[in-house]
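Everything below concerns the one structure shown next.
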Amino acid sequence: MTREGRYASSSIAPEALDLFVVNIAQLCTVDDPARDGAGPRRRAALGDAGIVGRAAFAVADGRVVATGPEAELRRALFADGGLPPGLEILDVGGCAVVPGFVDPHTHAVFGRTRHDEYERRLRGETYLQIAAAGGGIRASVRDLRARGEDELVELSVARLARLLRHGTTTVEIKSGYGLSLADELKMLRIARRAADLAGIRAVLTCLAAHEIPDEYRERRGDYVRLVCDEVLPRVAAEKLAERCDVFCEPSVFGLADTETILVRAAELGLRVTVHADELEPMGGAQLAARLGADSADHLIRIDANGIAALADRRTVATLLPGTAFTLGLPRYAPAREMVEAGCAVAIATDFNPGSCPIYSVPLVQSIACSQMRLSPGEALVASTLNAAWALGLAAEVGSLAPGKAADFVVLTGDDHRLVPYHGGVDSVAAVYRSGRRVA
Ligand code: NIG
Ligand code: FE
């Protein structure tokens, strides 16, 4: 399909341009002005990658100002045919270009990896059995509390740099391995410092309700009060996070505790999201929809009522198929049913040391296609524009639309479908944030 050019305004001065990206065999803009102001993509619109063949785009001040067929753009922007002398030209050599990936669910700040638990699971123990025995999240909590801030910043910068190299230009980072007032604040400070040093855009989420810490095992109510009365007010007052999350699962926080925590967070001005219906079905999706959450995440065990609750709602259904893959679960979230019912589906890595050490969005796109039957176009939109909606950032990132940040990925192949087809391996040639190369 050949689309016409899109321009930020009717007159763009050539000398104002910083970068002109040319020789793009396939430009996936993920941009549809008739639709994209209204909300996240649903149903058939989820699969529309906004493809322009033999394309180019122009960047000024780090923002996209024009996209379209290269021949048309050259005529429209440079009427006399000549390119201004100072303009940087990026010739991508016939490769495809897509928007920078938005990964709306990670736990990317942690100390040690938990590959020991991976092996235990392969021998037959389950994620919940390991957690009940003191491993899992609580093992990462003990480890994180024992490490200093600078050391954790260094580990996190290295990890975030890897995400960038795999095409992620915007990432959500949760706390949740601190589980005390001081350690949750420490984690959020680390996440901000690390994201700034790595040069990645980040949205931070307080997940103090990730687990009941060792010292509160017999006093769950006291821990919920600590989160509501001390942790969240400090996080909000010091602007350490924009959002609050809860691991809503029968063995962790039930529906009532989840609602108490999220309502308190909303009173404090934080946006909310929920780990919902991951391992057991319990109505987390309905709660997320009712509270107007940014997203309900995981949803492996969502039922028909949960799907109906999210259909045509603003709350995004963020699916994390890398987790089911890593845990070797027998099922994945029912993505096709959700798309057809009108849920706004996004995908994310869930990058964390336990249930999903995968940090590559391209690999997660591949798993989403092979295991959940998303089309490559749906997987792309789910990890760009819909993921941006899930973070409240759709006006800024998620598509190559005039006015938005020029965050983009040059692929190694000439068609975006090669990304999931090759299992996500070696699919990223170069990564740009705000028009500057970052990986
Ligand atoms: O999203 N579900 C809870 N949190 C993570 C797991 C974190 C961990 O095991 O350390 C998840 O899967
Ligand atoms: Fe998670």
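The values are calculated or read from the model by the stated rules, or taken from the named source; none is laboratory data. This structure is a prediction, so every number in the text was calculated from the model and none was measured. Neighbour counts are summed over all protein chains in view; Cβ atoms, including those assigned to glycine, are modelled from backbone coordinates with ideal geometry. To get the accessible areas, we keep the full protein, side chains included, count just its heavy atoms, and leave off ligands, DNA and RNA. Shrake-Rupley method; radii C 1.70, N 1.55, O 1.52, S 1.80 Å.
Whole-percent P(r), the range 131-286, all Cα pairs, 5 Å bins from 0: 2, 10, 19, 21, 21, 16, 9, 3, 0.
Antiparallel beta bridges, as assigned by DSSP with both residues in the chain, represent about 45 percent of the total such bridges. Under the convention that each Lys and Arg Cβ holds +1 and each Asp and Glu Cβ holds -1, the size of the dipole of the chain around its Cα centre is about 140 debye. Show me the trypsin sites (Lys or Arg not before Pro) within the range 1-99 that DSSP assigns to loop and that have at most 16 other Cβ atoms within 10 Å of their Cβ. Those satisfying the criteria are Arg35. For the range 53-65, backbone phi angles converted through the Karplus equation (6.51, -1.76, 1.60; θ = phi - 60°) give residue-by-residue couplings of x, 6, 10, 8, 8, 10, 10, 9, 6, x, 10, 5, 10 Hz, Gly and Pro being listed as x. Taking other residues whose beta carbon is less than 12 angstrom from the beta carbon of Glu280, and scoring Lys, Arg as +1 and Asp, Glu as -1, yields -3. If you wrap the Cα atoms of the chain in a convex hull and average its projected area over all directions, you get 19.8 nm². Accessible surface ranking for Glu218, Glu172, Glu151, 1.4 angstrom probe, highest first: Glu218, Glu151, Glu172. Ordering Ala256, Ser366, Ile190 by the projection of their Cα atoms onto the charge dipole of the chain, which places +1 on the Cβ of Lys and Arg and -1 on the Cβ of Asp and Glu, puts Ser366 at the extreme positive end. Normalised per residue, the accessible area of the chain is 37 Å², obtained with a 1.4 Å probe and no contribution from ligands, DNA or RNA.
Surface composition of the chain: carbon and sulfur atoms hold 50% of the protein heavy-atom accessible area at a 1.4 Å probe.
Loop only per DSSP, at most 16 neighbouring Cβ atoms within 10 Å: give me the trypsin sites (Lys or Arg not before Pro) in the range 239-310, ordered by residue number. Qualifying residues, ordered by number: Lys239.
Sort His107, His166 from largest to smallest accessible area, using a 1.4 Å probe on the heavy atoms of the protein chains.
These residues rank, largest area first, as His166, His107.
Across every pair of non-identical alpha carbons in the range 286-439, the mean reciprocal distance, once inverted, gives a Kirkwood radius of 15.9 Å.
Within the full protein context, the accessible area of Glu154 is estimated at about 140 Å² for a probe radius of 1.4 Å.
The Rg/Rh ratio for the range 276-329, using Cα coordinates for both the radius of gyration and the Kirkwood hydrodynamic radius, is 0.98.
Working note: Karplus 6.51/-1.76/1.60 with θ = phi - 60° gives the range 325-333 the couplings 5, 5, 6, x, 6, x, 9, 10, 4 Hz, where Gly and Pro are set to x. Taking all protein chains as they are arranged and a probe of 1.4 Å, the heavy atoms of Val52 leave approximately 0 Å² accessible to solvent. Neighbours of Ala16, meaning other residues whose beta-carbon lies under 15 angstrom from its beta-carbon, give a summed charge of -3 when Lys and Arg score +1 and Asp and Glu score -1. Around the amide H of Val438, modelled in the peptide plane, lie the amide H atoms of Val431, Tyr432, Arg433, all under 5 Å away and 5 or more residues distant in sequence or on another chain. Taking Cβ atoms as reference points and 12 Å as the exclusive limit, the residues near Thr29 contribute a net charge of -2, counting Lys and Arg as +1 and Asp and Glu as -1.
Rolled with a 1.4 Å probe across the full set of protein chains, the surface gives Val425 an accessible area near 90 Å².
So if R0 is 56 Å, what FRET efficiency would Ser9 and Glu215 give, r being the distance between their Cβ atoms, rounded to the nearest 0.05?
0.45
Annotation note: trypsin sites (Lys or Arg not before Pro) in the range 311-393 located in DSSP loop regions with a Cβ neighbour count of at most 10 within 10 Å are Arg331. Taking all protein chains together, Ser10, Ser251 sort by accessible area into Ser10, Ser251, largest first [probe 1.4 Å]. Computed from backbone phi, the HN-Hα couplings of the range 280-285 come to 9, x, 8, x, x, 5 Hz, rounded to whole numbers (Karplus: 6.51 cos²θ - 1.76 cosθ + 1.60, θ = phi - 60°; Gly and Pro given as x).
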